[in-house]
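Where a number appears in this text, it was derived from the coordinates with a stated rule and is not lab data. Note that the structure is a prediction, hence the values are computed from the model and not measured. Note that we place each Cβ from the backbone using ideal geometry, even for glycine, and neighbour counts take in every protein chain shown.
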Amino acid sequence: ALYKGIVDWQAAKPDPLLGAKVIDAKKQIIYSYSWMTELLPYVGYENLYSKLDMSQTWTASYNLPYAATVVPAFLNPADPRATWDGLGPALAATHFAGMSGVEDGRNVIAAMLPRTDPRAGIFGYDRVARLNEVTDGAAQTIMVIGTGEVVAPWVSGGGATIRGARAPFFDTFSGFGSRGLRKPGTYVLFADGSAREVSANIDPELFKALCTMHGAEQTDLTKLGGQGDN
């Protein structure tokens with residue numbers, strides 16, 4: 001459902017596809033609406049989308065009840081955490097985020113790179129790349145990834161729903177991951193629509209190559225299980 005929704009969203013919308021829809025430029029990016037919010041009409045929640053008042057941020061009291069609606073396409077069925085209560089009222093969560101690319105320096109935020117940068121992934125704050133722009137091969141480019149122990153509201157823009165790859169990639173507390181796997185790792189949705197498990201023991205260089213869409217690296221998908229896991 002998630003991949004089909006992204007494909008249909010991309011087909012229906014002209015450029016730019018926004019990773020974060022900013023309502024109040026004075027506020028932090030997390031107060032913007034996420035790309036998942038824009039996806040609602042394409043995953044069976046058009047009525048919910050129509051009820052949101054996007055002249056206000058999602059934190060407005062009018063919008064909060066709608067932001068509490070659980071959307072199954074944004075969840076890992078093996079993970080019972082369906083809500084996030086960081087603001088007080090419980091809001092519906094997502095267990096996934098769009099991949100923004102590789103963050104290879106302390107001050108690098110991959111979501112703010114031009115999508116033409118070799119470190120960039122598919123998702124940026126100001127622009128989401130179209131699938132036909134992926135030059136590394138759709139089958140070896142991560143589009144969406146599990147967010148591990150960090151869950152966030154699907155409605156929220158910024159790091160809640162778009163994340164870059166920063167070492168250590170599979171850190172227990174802040175790294176990528178998915179519950180329900182036999183071994184540490186994460187579920188990944190590639191740009192060709194294939195869903196795979198990626199081991200936390202994957203070669204870091206291979207993982208970084210999978211996170212970019214223009215890096216021109218050679219990748220071996222038989223090694224997603226990691227070193228010694230195959």
Self-check item: Residue with peak Gaussian network fluctuation, the chain [Cα springs, cutoff 10 Å], from 208, 51, 21
Solution: 51
Quiz item: Across the stretch 159-168, in residue order, what do the Karplus-derived ³J(HN,Hα) couplings come to in whole Hz, using 6.51 cos²θ - 1.76 cosθ + 1.60 with θ = phi - 60° and x for Gly and Pro?
Solution: x, 5, 10, 9, 9, x, 8, 10, 5, x
Quiz prompt | Whichever lysines have a C-alpha closer than 16 Å to that of residue 21, once near sequence neighbours (fewer than 8 apart) are set aside | solution = 13
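Report the relative contact order of the chain, percent, no decimals, based on alpha-carbon pairs under 8 angstrom and at least 6 residues apart. Please report the intermediate quantities before stating the final value.
Details: 510 pairs, mean separation 46.9, N = 230.
After rounding, I find 20 percent.
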Quiz item: What list of ³J(HN,Hα) couplings, whole Hz, do you get for the stretch 145-158 from phi and the Karplus terms 6.51, -1.76, 1.60, once you set θ to phi - 60° and write x for glycine and proline?
Solution: 9, x, 9, x, 7, 9, 9, 8, x, 5, 6, 7, x, x
Quiz item: What is the set of long-range amide H partners of residue 141 at a cut-off below 5 Å, with H atoms built 1.01 Å from backbone N?
Solution: 191, 192
Exercise. Give the angle, between 0 and 90 degrees and rounded to the nearest 10, that separates the Cα long axis of helix 2-12 from the longest principal axis of the Cα atoms of the chain.
Key: 70
Quiz prompt | Residue-by-residue Karplus 3J(HN,Hα) for the stretch 78-94, coefficients 6.51, -1.76, 1.60, Hz, glycine and proline x | solution = 7, 10, x, 7, 9, 10, 10, 10, x, 9, x, x, 6, 10, 5, 9, 10
Quiz item: Anyone know which of 76, 201, 47 comes out most mobile in the 10 Å Cα GNM of the chain?
Solution: 47
Quiz prompt | Most fluctuating residue given options 108, 128, 144, as computed from a GNM of the chain linking Cα atoms under 10 Å | solution = 108
Quiz prompt | Estimated FRET transfer efficiency (residue 196, residue 60; beta-carbon r; R0 45 Å; 0.05) | solution = 0.70
Quiz item: Where nothing but the Cβ of Lys and Arg (+1) and of Asp and Glu (-1) is charged, how large is the charge dipole of the chain around its Cα centre, in debye to the nearest 20?
Solution: 320
Exercise. Would you grab the residues whose amide H sits under 5 Å from the one on residue 147? Only those 5+ places off in sequence or on another chain, please, with H modelled 1.01 Å from N.
Key: 96, 97, 177
Exercise. Divide by every residue of the chain the summed helix terms, -39500 (n - 2.57) for each DSSP H run of at least 4, and state the resulting mean residue ellipticity at 222 nm, rounded to the nearest 500 deg cm²/dmol.
Key: -3500 deg cm²/dmol
